[in-house]
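> Please see the structure below; I have some questions.
The values are calculated or read from the model by the stated rules, or taken from the named source; none is laboratory data. Please read these numbers as outputs of a predicted model, since none were measured by experiment. FYI the Cβ positions are ideal-geometry reconstructions off the backbone, even for glycines, and counts take in every protein chain you see. Just the protein is used for accessible areas: all its heavy atoms, side chains included, with ligands, DNA and RNA removed. Shrake-Rupley method; radii C 1.70, N 1.55, O 1.52, S 1.80 Å.
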Amino acid sequence: MSHGSEGRPFRLIPVIDLRHGQVVRARAGERDAYAPIDTPLARGSRPADVARGLLDAVGGDRLYVADLDAIMEGRAPDRASLEAVAGACPGVTLWVDAGFSDFPGIERFTALGLGRPVIGSESQWDADLVRALGNRAVLSLDSRGAERLGPDALHDDAETWPEDVIVMTLARVGTGTGPDLSGVSRAVEAGGGRRIYAAGGVRGPEDVAHLARTGAAGALVASAIHDGRLR
């Protein structure tokens, strides 16, 4: 296993994207075009089967779940799919981005006991929710190309960040173009010891090694696992 600059194990966190109760194949953040996944790791696109296949391939005790219906349309989290995934993956903590933007939504989700909420910057009006939740949540700093999504305060002021932060470069998701090493490096430098995770573009072991050298704590990965480049 690779290690970051502080000697911490580098953590690979598998990813599933949910849409209409199925796992879809993400590419470049064009969410409307995502189609049900076809993967050698599972038969069909059922969330529980795909999640189990990913974890069997790379191990680990965390799984990132993006609920695209909730993020894009403001729906409640897909409880049935999340419960199926949790049941299929005992001992695994789910990091769930379901477009959370207010306390009532967070409270309803946490009451289900189905994972730790991920607060995407793209879903925020200001930094207040992230500040108030602290380490109860994971922060995702979202960008698309050169555009930073969400309030500048979340991107610029590391004092607002919890201990776990994702640098989510949506334009690189599923494209095999490599991770945003410069963006991750900036976040590591600004983060003051916070755990920084890369998301988007990871192609295989070489990218993992590069990210580990930047001091990243880990990476969120899907395509490279499905395609057999990371096992």
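> Using 7 Å Cα-to-Cβ label points, what is the Ala111/Arg213 separation (nm, one decimal)?
Using points 7 Å along Cα→Cβ, the separation is 5.0 nm.
> How big is the C-alpha Rg of region 130-179 next to the rule-of-thumb value 2.2 N^0.38 Å, as a ratio? Spell out each step's value before the answer.
Numbers: Rg = 11.9 Å, N = 50, 2.2 N^0.38 = 9.7 Å.
Normalised by 2.2 N^0.38 Å, the Cα Rg of region 130-179 equals 1.23.
> With the crude spin-label approximation of a point 7 Å out along Cα→Cβ, what separation in nm comes out for Arg229 versus Leu181?
1.5 nm
> Once label points are set 7 Å from the Cα along Cα→Cβ at both Arg75 and Arg131, what is their separation, rounded to one decimal in nm?
It is 3.4 nm.
> Return one whole number: the accessible area per residue of the chain in Å², for a 1.4 Å probe. Kindly include the intermediate steps, with their values, before the conclusion.
Details: 10070 Å² over 231 residues.
Normalised by residue count, the accessible surface of the chain is 44 Å².
> Additional query: Please give me the summed charge of the neighbours of Val92: other residues whose Cβ is under 12 Å from its Cβ, Lys and Arg +1, Asp and Glu -1.
Numbers: positive: Arg52, Arg62, Arg116; negative: Asp56, Asp61.
Value of the local net charge: +1.
> Rounded to a whole number, what % of the accessible area of region 73-231 do carbon and sulfur atoms account for, probe 1.4 Å? Please report the intermediate quantities before stating the final value.
On the way: 3220 of 6710 Å².
Here it works out to 48 percent.
> Could you work out [θ]222 nm for the chain from helices alone, using -39500 (n - 2.57) per DSSP H run of at least four and dividing by all its residues? Round to the nearest 500 deg cm²/dmol.
The per-residue figure over the chain is -8500 deg cm²/dmol.
> Considering the chain, what Rg and Dmax in Å follow from its alpha-carbon atoms?
16.0, 44
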